[in-house]
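Derivation of every value follows stated rules applied to the coordinates shown; laboratory data play no part. If you're wondering where the values come from, they're calculated on a predicted model, not measured in any experiment. Backbone-built Cβ (ideal geometry, glycine too); neighbour counts: all protein chains shown.
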């Protein structure tokens, strides 16, 4: 782990703040008319999931945590452990359930991203891809005439996640979903 200055801040960078790891979501350099410059940041806890806002003096030194993102395929879940396999080395690694982001979007065989603290060789968290294709397992049928206003209805995906879909979507259809916002994107056309 190396020391970095606030001028080195980049979105996505992970820093150690009071023995907690935080990812920089947003940052802004502020130069007021009087006094010294400062950096206003929005940070998200890597492990604790808390989102905080913190202001740093310009030039302040912080500890950077080197992280790497690697694609791993989700194999199965046993008790509270999710098992993933590295796609090139076929090494299998268990990840605790509390370190899984949005587990409702993770399905067997899906390629997820494991974020690893390089210095400690520790898995920080696993996250699903930004966009997934999933099959609708359960939803109410759309009623003819309800589509004039472009309404939506809840639908349960095969992974168990519930998303809002347009009224014309039926059970068994495949849809594309944004896992970051839990929003329906489009119906997937079958060939």
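Data table
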| quantity | calculated |
| --- | --- |
| 76, 184, 125 arranged by Cβ crowding within 10 Å, fewest neighbours leading | 76, 184, 125 |
| Gain upon complete extension [residue 86, residue 63; 0.36 nm per residue less C-alpha separation] | 5.4 nm |
| Selected from 142, 45, 36 as most flexible by GNM, with the chain as the system and alpha-carbon contacts under 10 Å | 36 |
| Equivalent ellipsoid, region 67-127 (semi-axes from 5 times Cα gyration tensor eigenvalues, Å) | 16, 13, 10 |
| Two-decimal Rg/Rh across region 2-65, once Rg and the Kirkwood Rh are taken from alpha-carbon atoms | 0.97 |
| Full-extension gain in nm, residue 51 to residue 104, via 0.36 nm per residue minus C-alpha separation | 17.0 nm |
| Estimated distance in nm for a label pair at residue 185 and residue 76, the labels positioned 7 Å out from Cα along Cα-to-Cβ | 3.0 nm |
| Exposure proxy order (Cβ contacts within 10 Å, fewest to most) of 176, 44 | 176, 44 |
| Residues 168, 56, 90, sorted so that the one with the fewest Cβ neighbours within 10 Å comes first | 90, 168, 56 |
| Computed lengthening from residue 25 to residue 11, 0.36 nm per intervening residue step minus Cα-Cα distance | 4.5 nm |
